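Taking it in order: structure first as structure tokens, then the write-up.
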Amino acid sequence: MQLHRKTKTQPIMENTTENGGRKLSSHVVLVVFAYPKHGHMSPMLQFAKRLASKGLRVTFLTTSSVNQTLQINLIPSYQIDLQFISDVRTEAILSLKDKHESFEAVVSKSFGDFLDGVLRTADNSDYDSTPLRYFVVFDSVMPWAMDVAAERGVDSAPFFTESCAVNQILNQVYEGSLCLSSVPPSVGAVSIPSLPVLEVEDLPFFPYEREVVMNFMVRQFSSFKKAKWIFVNTFDQLEMKV
């Protein structure tokens, strides 16, 4: 995981000591808001554990349907507060597009209600007579989370769970400089900024409901330029032996 700070704003999780050094603030709660799918949950859960290991107060937030499909193992030493919000839908879901739209409608409201609740508690907190402050790190495939948080005066940052290479390709699609659906196999090679020359078969491929999935994946970059901070999932080097 790497952090890219797009502004010179001082992070809210840091305070300055009397001698000019930096220390972690105990008055900040970081909410790690994960999309309820395994490939998205795992990197964000590991990120939450890393934050907690540094002494930060962390809430790991996801939706209630996760209990039916995944098991989240958190040993007490991690000191992570696990919270769930509703994603229950009453209407019949007929298509993947309807499913995505319904998820956003239901979960954006549940997320807003969650923030309203913790902010009320923060205002009434007598913890060292200093109100708690919240910061949200959300899965980038839920860009609407930034708007929900901003409406309540809460700063937030997207976490891009895909590899940097995939992010670059999808961002090119979002900006209109690349159209995956119109790249013919005969092209052979595709040149994308900051990446090695790629073969057509190296590009992301969505076999089912292609346009719906593509729109879902590409839309995450709508929060890219609005964000003050951006987190990305990457690695320094592979293990020498496996």
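The values are calculated or read from the model by the stated rules, or taken from the named source; none is laboratory data. Keep in mind that this is a model prediction, so the values were computed, not measured. Cβ atoms come from the backbone with ideal geometry, glycine included; neighbour counts cover every protein chain shown.
Counting the residues of the range 72-103 that are surrounded by 14 or more Cβ atoms within 10 Å (Cβ to Cβ), in a helix (DSSP H, G or I) and at pLDDT below 70 gives 1.
Enumerate the pairs (first residue in the range 181-202 and exposed (fewer than 10 other Cβ atoms within 10 Å of the Cβ); second residue anywhere and modelled with pLDDT under 75) with beta-carbon separation below 8 Å, excluding pairs fewer than 6 apart on the same chain, so at least 6 apart or on different chains. Sorted first by the residue in the range 181-202, then by its partner, the pairs are Ser181/Arg210.
Please find, within the range 159-200, the residue that is nearest to Phe33 (Cα to Cα) out of those that are modelled with pLDDT under 75 and in a helix (DSSP H, G or I).
By that ranking, first place goes to Leu180.
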